[in-house]
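Where a number appears in this text, it was derived from the coordinates with a stated rule and is not lab data. Quick caveat: nothing in here was measured; it's all calculated off a predicted structure. Because the Cβ atoms are built from the backbone with ideal geometry, glycine has one as well, and the counts that use them run over all protein chains shown.
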Amino acid sequence: MKDKFTVAGIGELLWDVFPHHKRLGGAPANFACHTSRLGAQGYPVSCIGSDALGIELRGQLQEMGVDDRYVAEADYETGVVDVVLSAGKPTYEIHENVAWDHIPFTDELKALAGMLDAVCFGSLSQRSDGSRKSIHSFLRAMPEKSLKIFDVNLRQSFFSRELIMASLELANILKLSDEELPVLADFFGLTGTVEEQLKQLLVKFDLRLIAYTRGPDGSLLMGAYEMDDAAGLPGKAVDSVGAGDSFTAALCMGLLKGWPLDQVNGFANEVATFVCSQKGATPELPAEFISKVVNV
């Protein structure tokens, strides 16, 4: 087994702007930051503007010790999302035609894709033709054995049945929430219980694993031959922004380490519960989490 895995999050990199402050955001970028903190060589793959917000965003990544070499610059504004929290739960207003809508697929990105152990991508960053084509090219350039995690991450109206289907056909792991499953059930004619619907998705798209999250009620991991259902953990929800991304990062690291599903599921819930108890999407993680991945 490798001493250090190489992982990327490709898609949106932006500022989450709250009423009185702003923080680095974007689900794939959050994923890359968390996997970096959990012992991987994690790379955000995205595009920012050469404006003041872009300069500040790059500086933020560097302060966090995250390698930003695959964050391109374009003649567009750096992405911004206006976030409003109600009882700790966020709603988003996502600005359009910004830098991450124009991610270029370069020879350097092709080379990175060819050496990856895992990637996370979502639907939001595919709202533009340019970024969608780059993301698909990136996924096709990855080794067959690598993990290709599709975090559905439905936002506003920036998704369609065709986009979700194309993404699932390129992925081998699906991560979705209890709020997103009904949308996919409608798109693909899924019927029966939650477990039955997940099984239908698993078979229809030949997936290795589905991670189904239920917020404070825990999560269910379903593979072809096994399943694990983890109850939620007690904890105070201060800010759930980025909690799902931390779950995906912990899930990814556990799978790369070859842990059994119950260990993966328990660890991912621990990490996500902690992130929910903190402000911001990418808080410092406790040393005990890092040691679990690095030393096991």
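Between Val84 and Lys133, what is the FRET efficiency for a Förster distance of 25 Å, r being their Cβ-Cβ separation, to the nearest 0.05? With a Förster radius of 25 Å, E is 0.15. Were the residues from Glu144 through Glu196 laid out at 0.36 nm apart, the gain over their Cα-Cα distance would be 16.0 nm. In summary, segment 1-40 shows an alpha-carbon radius of gyration equal to 1.43 times the 2.2 N^0.38 Å reference for compact globular proteins. Normalising by residue count, segment 111-204 has a Cα convex hull of 91 Å³ per residue.
Length available on full extension from Lys4 to Asp206: 0.36 nm per residue minus the Cα-Cα distance, which gives 69.9 nm.
Spatial offset of segment 1-57 relative to segment 152-183 amounts to 21 Å, using the alpha carbon center of each. Remark: spin-label model distance Gln156-Thr106 equals 2.7 nm, labels positioned 7 Å along the Cα→Cβ axis. Specify whether the C-alpha gyration tensor of segment 79-127 places it in the rounded, prolate or oblate class, a ≥ b ≥ c being the square roots of the eigenvalues: rounded for a/c under 1.5, otherwise prolate if a/b is larger than b/c and oblate if not. The shape class here is oblate.
The relative contact order of the chain comes to 17 percent, based on Cα pairs under 8 Å that sit 6 or more residues apart.
Based on the Cβ-Cβ distance of Tyr225 and Glu288, what FRET efficiency does E = 1/(1 + (r/R0)^6) give at R0 = 30 Å, to the nearest 0.05? Rounded to the nearest 0.05, the efficiency is 0.45.
The stretch between Phe187 and Ser277 holds 29.0 nm of extra length on full extension. This uses 0.36 nm per residue minus the Cα-Cα distance.
Sequentially through segment 54-60, phi angles give Karplus couplings (6.51, -1.76, 1.60; θ = phi - 60°) of x, 4, 5, 5, 4, x, 5 Hz, Gly and Pro residues having no value and appearing as x.
Of the peptides 162-175, 244-257, the order by per-residue mean of other Cβ atoms within 10 Å, starting with the highest, comes out as 244-257, 162-175. Computed over the alpha carbons of segment 6-281, Rg followed by Dmax gives 17.3, 51 Å. Couplings 3J(HN,Hα) for segment 224-233, derived from phi with the Karplus relation 6.51 cos²θ - 1.76 cosθ + 1.60 (θ = phi - 60°), are 5, 10, 8, 8, 9, 10, 10, 6, x, 9 Hz, where x marks Gly and Pro.
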